[in-house]
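What follows is a set of notes on a single structure, which appears directly below.
The values are calculated or read from the model by the stated rules, or taken from the named source; none is laboratory data. Just so we're clear, the structure is a prediction, and the values are computed from it rather than from any experiment. Note that each Cβ is placed from the backbone with ideal geometry, even for glycine, and that neighbours are counted across all protein chains shown. Note: accessible area is taken over every heavy atom of the protein model, side chains too, but ligands, DNA and RNA are not part of it. Shrake-Rupley method; radii C 1.70, N 1.55, O 1.52, S 1.80 Å.
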Amino acid sequence: MENVILAVKGMSCRHCINSIEGNVGKMNGVHFVKVHLNDEKVDVSFDSKVVSLKEITDIIEDQGYDVELSKFPKDQSCH
């Protein structure tokens, strides 16, 4: 399982949250997705053997949002 936090620009409302969480969340291999609107970040947990990070970022970008190329690993010490 890979856990990342993506910086996503262009999100502004509840529709943005629903759109990203709904479309990314239904992807095969994605186990968790949570949009943090005020922080312009999206937490994603996924099985990299089933779906790639590029496929996830492509889905977000296809909806009109900008995903920064950098990804930030989530703190693994908090379980």
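Within the stretch 14-43, track down each residue that is at pLDDT below 95, open to solvent by less than 50 Å² (accessible area, probe 1.4 Å) and out of contact with any strand residue (DSSP E or B) (no Cβ under 8 Å at 6 or more places or on another chain). Scanning the stretch 14-43 gives a single hit, Leu37. Filtered by the rule that a residue be over 12 Å from Ile60 (Cα atoms), surrounded by 15 or more Cβ atoms within 10 Å (Cβ to Cβ) and aliphatic (A, V, I, L, M), the stretch 1-13 gives Val4, Ile5.
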